[in-house]
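Okay, so here's the structure we're looking at.
Values in this text are rule-based calculations from the coordinates and carry no lab data. These numbers come from a predicted model, not from an experiment. We place every Cβ from the backbone using ideal geometry, glycine too, and count neighbours over all the protein chains shown.
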């Protein structure tokens with residue numbers, strides 16, 4: 001289990017892109033079908049990580065097309 005990363009909102013704004021900040025800190029979302037990983041299919045064994053803290057989240061082998069417009073995974077790490 002990873003400990004939460006403690007940073008001020010100013011520190012997060014300096015680290016994250018505006019889009020990442022909106023999604024990760026302000027509960028925003030990308031428009032369906034527009035994310036860079038939506039149609040991305042990684043061959044082999046890769047791991048998707050958190051854009052803010054690099055915590056491992058999902059194996060690429062668990063990704064599937066749910067038809068909702070966002071990447072979906074059937075398992076977590």
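Provide the FRET efficiency to the nearest 0.05 for the residue 65-residue 22 pair, computing r from the beta carbons and using R0 = 25 Å.
So the FRET efficiency works out to roughly 0.55.
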How much mean residue ellipticity at 222 nm does the chain get from its helices, if each DSSP H run of length 4 or more adds -39500 (n - 2.57) and you divide by all residues, to the nearest 500 deg cm²/dmol? -5500 deg cm²/dmol
Using 0.36 nm per residue, how much length does the chain from residue 9 to residue 72 gain when fully extended, once their Cα-Cα distance is taken away? 19.9 nm
If a/c stays under 1.5 just call it rounded; otherwise compare a/b with b/c (prolate if a/b is bigger, oblate if not). Do that for the chain, with a ≥ b ≥ c from the square roots of the Cα gyration tensor eigenvalues. oblate
Computed over the chain, the relative contact order (Cα-Cα under 8 Å, seq sep at least six) in percent reads 23
Three-way shape label, segment 31-76, alpha-carbon gyration tensor, a/c 1.5: oblate
